[in-house]
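One structure is given below, encoded as structure tokens.
Laboratory data are not the source of any read-out in this text; all were calculated from the coordinates shown. Quantities reported herein were computed from a predicted structural model and do not represent experimental measurements. Cβ placement follows ideal geometry from the backbone for every residue including glycine, while neighbour counts extend to all protein chains displayed.
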Amino acid sequence: MNVLITGGAGFIGGNLVRHLLTTTGHTVLNLDALTYAGNLHSLADCDAHPRYRFVQADICDAAALRSVFADFKPDWVMHLAAESHVDRSIDGPGAFIQTNVVGTYTLLQAARVHHASLSGPARDRFRFLHVSTDEVYGSLGDTGLFTEATAYDPHSPYSASKAASDHLARAWADTYGLPVLVTNCSNNYGPFQFPEKLIPVVILKALRGDPIPVYGKGANIRDWLYVGDHAEALHTVIERGLPGQTYNIGGNNERQNIDLVRLLCGLLDELRPRPDGQPYARQISFVADRPGHDLRYAIDASKIHRELGWTPRQDHSSGFRKTVQWYLDNEAWTADILNGRYKLERLGQT
């Protein structure tokens with residue numbers, strides 16, 4: 001297969017690129033605009049791979065997409081390119097509308113034209129996988145789970161832009177017959193995550209001796225999905241999933257934010273103790289909550305398990321330990337990012 005991955009220099013996309021190169025014989029073309037969170041250093045070990053190609057292009061650039069489709073002739077399109085940080089969407093929603101809505105539309109149009117040009121086995125095997133988030137569903141109370149039938153109720157500019165892109169993808173399937181699959185995943189974590197998200201922020205703030213910020217009282221609950229498990233799930237969906245279907249992908253790993261932060265501090269206490277011997281949890285600092293902060297997300301991933309046989313490999317602690325150890329072993333990677341314009345500052349306070 002020829003696999004076009006958009007956003008392949010990002011966190012999830014980069015892990016997906018590496019997964020496909022190491023577990024399949026597919027050829028992978030990584031198309032990425034290399035915005036602030038796109039980091040080719042994360043794929044340095046893939047540069048010389050004979051089945052890997054990179055093109056720097058924006059998914060909003062219709063001419064560039066036409067050229068890529070004509071040259072590469074993808075069998076699968078795995079669409080991960082997106083602006084993804086809620087706090088940034090509060091400060092600057094325009095970029096989220098442009099990339100997540102206009103960009104998805106532009107990519108769908110390019111895929112539609114390409115699909116219409118195919119015939120026979122090439123047409124039969126073509127798939128378009130649109131990768132989205134559980135945040136489109138809104139906020140849960142103390143009980144219940146998001147299913148594929150849950151009504152959309154987005155509360156942030158980010159989640160609203162992703163909800164719009166989900167609707168576009170499904171509309172192109174229904175209207176134009178494009179073989180689209182949609183996935184909605186819970187919070188990802190793991191190696192190579194840009195240090196603006198909760199887990200890398202906690203690790204890096206702790207190691208620097210800075211206050212570790214926890215929004216509100218830390219009572220917000222998320223389901224945590226290890227990025228390697230997510231990459232396997234995406235591969236499973238595009239290979240065996242039914243076009244027109246949606247699959248929720250979760251880690252079966254719900255935690256309050258404050259409990260997660262304390263777990264990470266405890267792992268750091270074990271793996272790299274503070275010089276003064278004090279626990280890292282001493283650095284936890286409660287800060288004003290984020291505007292529109294959803295209380296709880298939790299995914300019902302029974303459909304993908306029942307129909308496609310996927311289940312996460314990491315349990316309630318193993319993935320977090322692997323992640324903390326990765327950041328400890330790869331401080332040069334984070335140092336390169338923190339030497340630039342991003343300084344672990346807080347965003348999204350309006």
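Key figures for this structure:
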read-out	value
Mean Cβ count within 10 Å, highest first, over the residues of peptides 156-163, 298-305	156-163, 298-305
In order through region 63-71: 3J(HN,Hα) via Karplus (6.51 cos²θ - 1.76 cosθ + 1.60), integer Hz, x for Gly, Pro	5, 5, 5, 4, 5, 5, 5, 5, 7
Ranked E307, E196, E270, criterion: other C-beta atoms within 10 Å, fewest first	E270, E307, E196
Residues whose placed amide H lies under 5 Å from that of G292, excluding near-sequence neighbours	none
³J(HN,Hα) computed for each position of region 217-226 - Karplus, 6.51 cos²θ - 1.76 cosθ + 1.60, integer Hz, glycine/proline x	9, x, 7, 5, 10, 10, 9, 9, 10, 5
Between helix 104-116 and the chain: long-axis angle, C-alpha atoms, 0 to 90°, nearest 10	30 degrees
Gain upon complete extension [A48, L34; 0.36 nm per residue less C-alpha separation]	3.1 nm
Label-to-label distance, nm, for residues given as R306 and N330 (7 Å Cα→Cβ offset)	3.6 nm
Alpha-carbon Rg/Rh ratio, for region 24-99, with Rh computed the Kirkwood way	1.00
Folded to 0 to 90 degrees: helix 257-271 orientation relative to the chain principal axis, Cα	70 degrees
Mean-position separation - Cα centroids, region 1-68 and region 96-119, in angstrom	17 Å
Within-12-Å neighbourhood charge of D153 [Cβ basis; K, R +1; D, E -1]	-3
For region 176-191, Karplus couplings with θ = phi - 60° (6.51, -1.76, 1.60), whole Hz, Gly/Pro x	10, x, 5, x, 9, 10, 10, 10, 10, 10, 8, 4, 8, 8, x, x
Computed [θ] at 222 nm, deg cm²/dmol, the chain (DSSP H ≥ 4; -39,500 (n - 2.57); rounded to nearest 500)	-12000 deg cm²/dmol
Ordering of 96-108, 310-322, 68-80, 272-284 by packing [mean C-beta count within 10 Å, highest first]	96-108, 68-80, 310-322, 272-284
